[in-house]
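All remarks here apply to the structure that follows.
The values are calculated or read from the model by the stated rules, or taken from the named source; none is laboratory data. Please read these numbers as outputs of a predicted model, since none were measured by experiment. Glycine gets a Cβ as well: all are built from the backbone with ideal geometry, and neighbour counts include every protein chain shown. The area values use the complete protein model at the heavy-atom level, side chains included, leaving out ligands, DNA and RNA. Shrake-Rupley method; radii C 1.70, N 1.55, O 1.52, S 1.80 Å.
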Amino acid sequence: MNQRTADALRTVIDITPQDTDRRAWAAVDAALACLASPAAATRYTDAERKSLPEDLYEEHDLFFGAIRVGGNSVETFTYTMLESLRSQLGDALSAGITLSSGERAELREAFWTTFHMLWRIGVAGTPFENAARAHTQGTGTSAGEVKGGPLIRWRLGHQVFFALIQALIVSVGCLEECLRDDPDDVDSACRLLEDATTLMIGSGASLRYAGDFTRTHYADSVRPAMMPPHINAKFSGLQLRDHRILLKLLHRVKPLVVSPAPAVDKSYRLLLDAMSTAYDAHISVCSRFGGDRESSLRTPGSAVPAVEVLQRFRDRRLGSATPDRPVK
């Protein structure tokens, strides 16, 4: 944690669900002005490329506009969350969205859960707690100037999804550390699980936001952009390194919650329910765009519809994250 990051967090943590998107955008824009720009972009290592050669991480990142950077990890992570939120709010103000009020609330709550988690873990009880709040006027490009369109919405929505998956990596990583180092600290473990649950639900809402346009727009603009000659065959949103990292973390946490305190057990079950909900959001978007009839881009020509592939994927991942419990 540093002073710039504390100032940025102080600027946004008091925004409430009742505040308008425009006011939230102004606070986020001001918070970003507190932070240093991220360091130069980093590259994937040969080991990462060879580990799963069928998952073309670099092509995936390039298509969705995701740039991997180094530098101060906490400040860079905070910048990432704020930048993805500013883009989402700017797009919503410019092009409009048709998400329900509940879905919009889930999306916003996920981001503010992250900001409060960072404040709780890195600022509260330290000299940074007296951080200054930045002014929200005159801090850059006006909200609503984002150029809209279905392909831009698709990419922005996935950028938001990537950011929330990274926030989940942080919360589950902190949970693992808590359960290993201080297994009796039930309150902290439950709080981190509640954070992760909110983030998981928000990740599902981000996928609904990514697909917030018509089936015709998807067929005419989005799907062709993810096919040859624009991109390699068998391209898939499942080719996300961050998602694999999250699954590995959940696998490490799983044995730590086999015989936990009842409150931790209950909170972990709620996280798994939220994980199922997030996969269901992906399935719903896929189905709306014809995936209940057509094959996935990853399995072109297959007789198995894309929705069925995603359902199998969901069931395997949930099974892998569910602890083995003794038969009573």
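Here are the criteria: (1) hydrophobic (A, V, I, L, M, F, W, C); (2) under 19 Å from the mean Cα position of the chain (by Cα); (3) open to solvent by 10 Å² or more (accessible area, probe 1.4 Å); (4) closer than 30 Å to Arg49 by Cα. Tell me which single one Leu192 does not satisfy. Of everything listed in (1) hydrophobic (A, V, I, L, M, F, W, C); (2) under 19 Å from the mean Cα position of the chain (by Cα); (3) open to solvent by 10 Å² or more (accessible area, probe 1.4 Å); (4) closer than 30 Å to Arg49 by Cα, Leu192 misses just condition (4).
Helices (runs of 4 or more DSSP H) fully within the stretch 1-109 that include at least 1 residues being modelled with pLDDT under 95 and touching a His at 6+ places or on another chain (Cβ under 8 Å): 57-64.
Which members of the stretch 60-80 meet the condition of being over 27 Å from Cys34 (Cα atoms) and either open to solvent by less than 40 Å² (accessible area, probe 1.4 Å) or among the small types (Gly, Ala, Ser) (or both)? Quick ask: steps written out before the conclusion?
Restricting attention to the stretch 60-80, the residues satisfying the condition of being over 27 Å from Cys34 (Cα atoms) are 60, 62-63.
Hits for the stretch 60-80 are His60, Phe63.
The single condition among (1) open to solvent by less than 30 Å² (accessible area, probe 1.4 Å); (2) at pLDDT below 95; (3) within 21 Å of Gly90 (Cα to Cα) that Gly148 does not meet is (1). The residues of the stretch 42-58 that are open to solvent by less than 40 Å² (accessible area, probe 1.4 Å) and either among the charged types (D, E, K, R) or under 15 Å from the mean Cα position of the chain (by Cα) (or both) amount to a single one, Asp55. Would you confirm whether any residue within the stretch 316-324 is at pLDDT below 90, part of a helix (DSSP H, G or I) and either within 24 Å of Gly173 (Cα to Cα) or not polar (S, T, N, Q) (or both)? Within the stretch 316-324, none of the residues are at pLDDT below 90, part of a helix (DSSP H, G or I) and either within 24 Å of Gly173 (Cα to Cα) or not polar (S, T, N, Q) (or both).
Suppose the filter is touching a Leu at 6+ places or on another chain (Cβ under 7 Å) and open to solvent by 30 Å² or more (accessible area, probe 1.4 Å); does Asp21 pass it? Give the derivation first.
Working: touching a Leu at 6+ places or on another chain (Cβ under 7 Å): yes; open to solvent by 30 Å² or more (accessible area, probe 1.4 Å): yes.
Judged against the criteria, Asp21 is a match.
If only residues of the stretch 291-313 that are crowded, with 16+ Cβ neighbours inside 10 Å and aliphatic (A, V, I, L, M) are counted, the one that is farthest from Arg269 (Cα to Cα) is Leu297. In the set (1) touching a residue at least 24 places away in the same chain (Cβ under 8 Å); (2) outside any loop (DSSP other than H, G, I, E, B); (3) within 30 Å of Asp184 (Cβ to Cβ), Tyr218 fails one condition alone, (3).
Condition check for Val172 on (1) modelled with pLDDT of 95 or more; (2) among the β-branched types (Val, Ile, Thr); (3) in contact with an Asp or Glu (Cβ under 9 Å, 6 or more places away or on another chain): one failure, at (3).
Quick one: count up the residues across the stretch 1-55 that are of a type in the set (D, E, K, R) and more than 30 Å from Arg241 (Cβ to Cβ). Of the residues in the stretch 1-55, 7 are of a type in the set (D, E, K, R) and more than 30 Å from Arg241 (Cβ to Cβ).
Return yes or no: is Ala6 among the small types (Gly, Ala, Ser), more than 16 Å from Arg133 (Cα to Cα) and open to solvent by less than 60 Å² (accessible area, probe 1.4 Å)?
Working: among the small types (Gly, Ala, Ser): yes; more than 16 Å from Arg133 (Cα to Cα): no; open to solvent by less than 60 Å² (accessible area, probe 1.4 Å): yes.
So Ala6 fails the test.
So, Ala225, is that one under 22 Å from Pro17 (Cβ atoms) and of a type outside the set (Phe, Trp, Tyr) or not? So Ala225 does not fit the description; no.
Scan Arg241, Arg288, Arg252, Arg316 and give me the residue that is without any contact (Cβ under 8 Å) to a residue 40 or more places away in the chain and either surrounded by 16 or more Cβ atoms within 10 Å (Cβ to Cβ) or among the basic types (Lys, Arg) (or both).
Arg316
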